[in-house]
1. Out of residues 5 or more away from R83 or on other chains, whose amide H comes under 5 Å of its own, with H placed 1.01 Å from N in the peptide plane?
2. On the first, second and third principal axes, largest extent first, how far apart are the outermost C-alpha atoms of the chain in Å?
3. With each run of n ≥ 4 DSSP H residues scored as -39500 (n - 2.57), what mean residue ellipticity at 222 nm is computed for the chain after dividing by its residue count and rounding to the nearest 500 deg cm²/dmol?
4. A 25 angstrom limit on the alpha carbon distance is what I want to check against. Which of K11/K144; K20/K100; K11/K100; K46/K100; K11/K108; K19/K100 exceed it?
5. Could you give the length gained on full extension between H109 and S22, defined as 0.36 nm per residue of separation minus the Cα-Cα distance, in nm?
6. Enter the accessible area of V114 (Å², nearest 10), with the probe set to 1.4 Å and all protein chains included.
7. Please turn the phi angles of region 13-18 into ³J(HN,Hα) values with the Karplus equation 6.51 cos²θ - 1.76 cosθ + 1.60 (θ = phi - 60°), one per residue in order, whole Hz, x for glycine and proline.
8. Report ³J(HN,Hα) in whole Hz for each residue of region 60-77, in order, from the Karplus equation J = 6.51 cos²θ - 1.76 cosθ + 1.60 where θ = phi - 60°; Gly and Pro get x.
Amino acid sequence: MEFNTYYNAIKDGRLLAAKKDSSVIFFAEGITDPGKFFGTLEGLEKNISRDRIIEMPISENAMVGIAIGAALRGKRTVVSLQRVEFALYAFEQIINNAAKTSYISRGKHNVPIVIRMVIGRGWGQGPEHGQSLENIFSAIPGLKVVIPAFP
């Protein structure tokens with residue numbers, strides 16, 4: 001395990017979670033891409049069952065909705081969104097289904113979901129992918145926003 005870079009920390013953290021708990025499943029676009037979502041999905045298929053790594057079509061709303069459904073059925077879902085801006089396509093799913101389910105069910109149902117969003121500019125991205133929208137999500141009751149300072 002190498003936690004010297006963000007991508008190694010993310011990649012190794014995913015692997016540790018998956019090995020520790022067989023209910024952890026991953027949803028992402030680009031799993032089959034050689035870049036493996038900036039290297040953070042690299043090697044997962046060598047260490048855990050391929051049916052726990054789900055390649056999704058380009059539809060963030062559908063991906064998050066399916067992950068919420070899986071979470072409600074006992075899976076611990078990890079969703080990777082290519083950019084924070086794409087979470088806006090799934091905003092209704094995130095704020096009305098993932099964040100509020102526990103409240104509206106009086107704690108009977110929970111949605112154990114992690115949604116990873118790439119935030120900020122860099123690596124040649126244009127201004128449309130250089131936003132930091134985490135403050136919008138931090139204002140939603142039921143969501144927890146975590147931004148690591150170090151790998």
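1. The answer is V118.
2. Principal extents (largest minus smallest coordinate, Cα): 41, 38, 30 Å.
3. Values: 5 runs with 41 residues, N = 151.
Dividing the helical sum by the residues of the chain leaves -7500 deg cm²/dmol.
4. Details: K11/K144 21 Å; K20/K100 27 Å; K11/K100 29 Å; K46/K100 36 Å; K11/K108 32 Å; K19/K100 29 Å.
Among K11/K144; K20/K100; K11/K100; K46/K100; K11/K108; K19/K100, the Cα-Cα distance tops 25 Å for K20/K100; K11/K100; K46/K100; K11/K108; K19/K100.
5. Working: separation 87, 0.36 × 87 = 31.32 nm, distance 2.00 nm.
Between H109 and S22, full extension yields an extra 29.3 nm.
6. Rounded to the nearest 10, the figure is 80 Å².
7. Going residue by residue, I get x, 4, 5, 4, 4, 5 Hz, with x marking Gly and Pro.
8. Result, rounded to whole Hz: 4, 4, 5, 4, 5, x, 5, 5, 5, x, 5, 5, 5, 9, x, 7, 10, 8.
The values are calculated or read from the model by the stated rules, or taken from the named source; none is laboratory data. As the structure is a prediction and not an experimental result, all values here were calculated from the model. Cβ atoms come from the backbone with ideal geometry, glycine included; neighbour counts cover every protein chain shown. Accessible surface areas use protein heavy atoms only, side chains included; no ligands, DNA or RNA. Shrake-Rupley method; radii C 1.70, N 1.55, O 1.52, S 1.80 Å.
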